[in-house]
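Here is the structure we will look at.
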Amino acid sequence: MGDAIKVALIGYGMAGQVFHAPVIAAVSQFKLAKVLERRTQESPKRYPWVEVVRDLNDILLDKEIQLVVIATPNSSHFHYAYESLRAGKHVVVDKPFTVTSGEARELIELAEKMDVILTVFQNRRWDGDFLTVQNVVDNKLVGRLVEYEAHFDRFRSVPKPNSWREEALEPASGILYDLGSHMIDHAQVLFGTPEMVTADIRKQRDSSDVDDSFEIVLHYPELRAILKASMLVKVPGPRFILHGTKGSFLKSGIDPQEDALKKGGSPSDSGWGETTAEHRGHLVTKLGDLEIDARVETLPGCYQNFYSQLADAIRARKAPMVDPWVGFNTIRILELAKQSSESKCSVKFEV
């Protein structure tokens with residue numbers, strides 16, 4: 001660990017405690033050195049070598065800290081990222097990148113000026129189900145894709161108390177910025193930037209103060225990407241549905257990594273990211289004159305690859321896997337989705 005890249009984590013709520021700290025700790029190229037906790041002293045209970053700090057300057061003025069990871073409520077992302085970049089640190093910002101596309105652009109331009117790496121923690125690019133879908137698309141297993149439908153559904157009939165994500169006054173709260181960030185990023189990985197956005201964003205629960213359901217259609221020249229999420233789906237259907245000129249692919253189940261991390265697991269555990277046979281994908285397609293009806297094994301999920309590839313980028317001074325300009329586009333699409341829903345019409349993608 002002597003020459004490991006030293007990391008400071010800002011925030012030790014759910015994002016910091018569940019997603020970032022254990023994944024960073026599992027990647028040998030990094031050493032989690034400091035955690036900014038305003039009121040608690042939790043991180044050393046699992047990582048006894050970590051120093052808890054109360055003041056941001058304890059991170060910014062530490063010349064040994066090379067990477068700052070921001071895992072705080074959405075409204076504070078810009079502030080912490082801006083100050084960290086200005087101090088010459090590489091920065092990871094948890095999704096959603098920022099509250100506005102203007103903030104995202106300002107951070108990207110600052111990172112370029114300071115010659116440091118800025119990236120967004122889009123961990124669900126390394127979900128096993130998405131990696132499997134990506135493999136189906138890249139290998140054209142259903143022919144030319146004409147429709148892609150993705151679901152991210154949960155069942156929480158009553159809003160979670162004391163959660164900033166459920167508070168209307170908190171910028172970028174609600175399901176759109178939370179789950180929509182992942183789903184829009186997935187679509188961009190597969191298909192690039194859309195030509196147009198159509199959206200319907202709603203409150204379905206009686207006591208909800210924030211949006212808790214959406215349907216977004218991203219328009220591409222030869223296909224439509226339909227993204228749906230809701231907090232009122234008791235019995236979920238397929239998570240991904242792909243239709244093409246040769247057949248269809250359906251994928252159910254959800255990647256197990258989040259649940260494993262919540263239970264105290266680590267990416268260094270044996271069998272990490274593997275799913276059960278019952279969640280294999282269903283592929284019906286043609287190969288020449290052959291009609292194929294097959295079950296497709298789910299590729300193992302690997303959140304740790306985000307950080308291992310980032311370590312390589314830092315050491316080689318090359319671009320990170322998650323391009324911040326794609327993060328900018330994600331925020332811009334979220335803004336256009338809100339505009340489309342409010343105006344009840346499709347909106348052309350433009351920056």
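Every number here is computed from the coordinates shown, using simple stated rules; none is lab data. Here the structure is a predicted model, which means the values were calculated and not measured. We place every Cβ from the backbone using ideal geometry, glycine too, and count neighbours over all the protein chains shown.
Here is how the numbers come out for the structure above:
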quantity: Chain lengthening between Glu106 and Glu147 when straightened (0.36 nm per residue, less Cα-Cα); calculated: 11.3 nm
quantity: Reported label for calculated mean projected area of the Cα convex hull in nm² given (1) 18.4; (2) 16.6; (3) 19.7; calculated: (1)
quantity: Dipole moment magnitude, nearest 20 debye, the stretch 5-121 about Cα centre, only Lys, Arg, Asp, Glu C-beta charged; calculated: 320
quantity: Subset of Lys246/Lys318; Lys95/Lys338; Lys34/Lys338; Lys95/Lys251; Lys113/Lys338 violating a 29 Å alpha-carbon distance limit; calculated: Lys246/Lys318; Lys34/Lys338; Lys113/Lys338
quantity: Those aspartates and glutamates that a straight Cα-Cα span of less than 15 Å connects to Lys234, excepting residues fewer than 8 apart in one chain; calculated: Asp153, Asp212
quantity: Peptide ranges 73-84, 317-328, 286-297 listed from the most packed, as the mean C-beta count within 10 angstrom indicates; calculated: 73-84, 317-328, 286-297
quantity: Burial ordering of Thr285, Thr193, Thr40, fewest other beta-carbon atoms within 10 Å first; calculated: Thr40, Thr193, Thr285
quantity: FRET efficiency, 1/(1 + (r/R0)^6) with R0 30 Å, evaluated for Lys262 and Lys344 via beta carbons; calculated: 0.20
quantity: Among Gly102, Cys345, Leu232 the positive-end extreme of the charge dipole of the chain (Cβ point charges); calculated: Leu232
quantity: Residues in the stretch 73-113 reached by a label modelled at Asp58 [backbone nitrogen below 18 Å; 7 Å Cα→Cβ]; calculated: 80, 84
quantity: Point-to-point label distance, Ser28-Val235, nm (Cα→Cβ direction, 7 Å offset); calculated: 4.9
quantity: Over the chain: helical MRE at 222 nm, DSSP H runs n ≥ 4 each giving -39500 (n - 2.57), nearest 500; calculated: -9000 deg cm²/dmol
quantity: Options Val91, Tyr12, Ser75, ranked by Cα towards positive dipole end of the stretch 5-121, top entry (Cβ charges); calculated: Tyr12
